1. Please indicate, with yes or no, whether at least one residue in the stretch 253-263 is surrounded by 14 or more Cβ atoms within 10 Å (Cβ to Cβ), modelled with pLDDT under 95 and under 22 Å from the mean Cα position of the chain (by Cα).
2. On the basis of being of a type in the set (D, E, K, R), out of contact with any Cys (no Cβ under 9 Å at 6 or more places or on another chain) and at pLDDT below 95, does ASP79 make the cut?
3. Restricted to the stretch 161-208, and to residues that are small (Gly, Ala, Ser), open to solvent by less than 40 Å² (accessible area, probe 1.4 Å) and touching a helix residue (DSSP H, G or I) at 6+ places or on another chain (Cβ under 9 Å), which residue is modelled with the lowest pLDDT?
4. Within the stretch 210-229, work out how many residues are among the charged types (D, E, K, R) and either open to solvent by less than 50 Å² (accessible area, probe 1.4 Å) or touching a helix residue (DSSP H, G or I) at 6+ places or on another chain (Cβ under 9 Å) (or both).
5. Kindly provide the set of residues from the stretch 231-247 that are within 18 Å of the chain's Cα centre (by Cα) and of a type in the set (A, V, I, L, M, F, W, C), ordered by number.
6. Suppose the filter is outside any loop (DSSP other than H, G, I, E, B) and either under 27 Å from GLY179 (Cα atoms) or at pLDDT 50 or above (or both); does ARG99 pass it?
7. Residues that are assigned to a loop (DSSP other than H, G, I, E, B), open to solvent by 10 Å² or more (accessible area, probe 1.4 Å), of a type in the set (S, T, N, Q) and at pLDDT 85 or above: does the stretch 128-138 have at least one?
8. Please go through the stretch 87-96 and give me each residue that is touching a Phe, Trp or Tyr at 6+ places or on another chain (Cβ under 9 Å) and either small (Gly, Ala, Ser) or in a helix (DSSP H, G or I) (or both), ordered by number.
Amino acid sequence: MSHSRTTRNLVAAAVCLLPLLAACGTGSSDSKSPSAAGTGQLTTPADASDAVKKRYSMENAVARCMKKAGFSYTPEAPDDPAKSWAHEGADYDLTKKYRQKYGFGTYAASVYPDDPQAPGNGGRGTSSANTQYVDTLTPSQKTAYDKALGGSPEVKLNGGSSDAGWTGCMGSAHRDVYGDASPQDESATQRRQDQQNAQALNGDAKLIALAQSYASCLRKDGIQVTTTQPTGIGSMVGLQAHQSAPAGARGGGASKSGSVAMSKDEAMPLLQKDIDLSLQDLECGKDFRAAYFPKFLKAPTSGGGAG
């Protein structure tokens, strides 16, 4: 499979193990490789975090390397974790506007199948410059492109590891930006940091008090509370809504084996209920999120957000 986009985000915010991007290698082929074009360099924002700056460096390293290998690669600006959380609670006004249309997103793709911004549609209709470029290559050129681009190692979240390391352009760019640490060492380091950050957030006296007030508000509205931990309460209501949705609702398609995709007419009343619930949750958690996100974004933790 050709790699049309080689970036894997750090934290959906703030929650990925590694900034996975393309990197540099060799790309010989029996057929003549197309000349490189459009491989300019991204300008790194001065106010970006160190993690985001490294991801910019990765993208630029990939572009330089792929050009040397005889291929075009257009570096793609990585998402800033802070911005990725903006409409998930970090920015109250943006989140309110988002939820007024999509709710928690469980039924949005069923109601808005042609809306690329609707959760579950995955940005349908968009095509990156790299995707368009790869589509112009012959089969043998695509094989050479994939070899030159290389790939990222598989690092298991449960502590397991893969013997495969970074390869091709991904390998050399990763070494240039992040050094020679193995994927397993990076994964272990990230897990330790995640745990430390989570412990700090869940032990913060102010956040604990605000989470209790948040929970009391939800209970008054008749909403079930299953956790009051700062790292869990913000996403709790949305997760429960998603898990209790009927088959066929999520993403506008079948969510269980043999289930039939929900129609727009079926999803519309459920979306309205989802919107109402999401807005109740947003109001109850307003003060909590205002205090939580500034701390979370400075020291994010995997699997713990207040979206």
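The values are calculated or read from the model by the stated rules, or taken from the named source; none is laboratory data. Quantities reported herein were computed from a predicted structural model and do not represent experimental measurements. Quick reminder, even Gly has a Cβ in these numbers, built from the backbone with ideal geometry, and neighbours come from all protein chains shown. Note: accessible area is taken over every heavy atom of the protein model, side chains too, but ligands, DNA and RNA are not part of it. Shrake-Rupley method; radii C 1.70, N 1.55, O 1.52, S 1.80 Å.
1. Yes, because at least one residue in the stretch 253-263 is surrounded by 14 or more Cβ atoms within 10 Å (Cβ to Cβ), modelled with pLDDT under 95 and under 22 Å from the mean Cα position of the chain (by Cα).
2. Yes; evaluated as a whole, the condition is true for this residue.
3. Initial filter on the stretch 161-208 (small (Gly, Ala, Ser)): 161-162, 164-165, 168, 171-173, 179, 181-182, 187-188, 198, 200, 203, 205.
Add one more test, that the residue is open to solvent by less than 40 Å² (accessible area, probe 1.4 Å), and what stays is 162, 165, 168, 171-173, 179, 182, 187-188, 198.
With the extra rule that they be touching a helix residue (DSSP H, G or I) at 6+ places or on another chain (Cβ under 9 Å), the set shrinks to 162, 165, 168, 172-173, 198.
Values: SER162: 44, GLY165: 70, GLY168: 91, SER172: 91, ALA173: 91, ALA198: 94.
Per the stated criteria, the residue is SER162.
4. Selection size over the stretch 210-229: 2.
5. Across the stretch 231-247, the qualifying residue is only LEU239.
6. Criteria met by ARG99.
7. yes
8. Once the filter is applied, which keeps residues that are touching a Phe, Trp or Tyr at 6+ places or on another chain (Cβ under 9 Å) and either small (Gly, Ala, Ser) or in a helix (DSSP H, G or I) (or both), the stretch 87-96 yields HIS87, GLU88, GLY89, ALA90.
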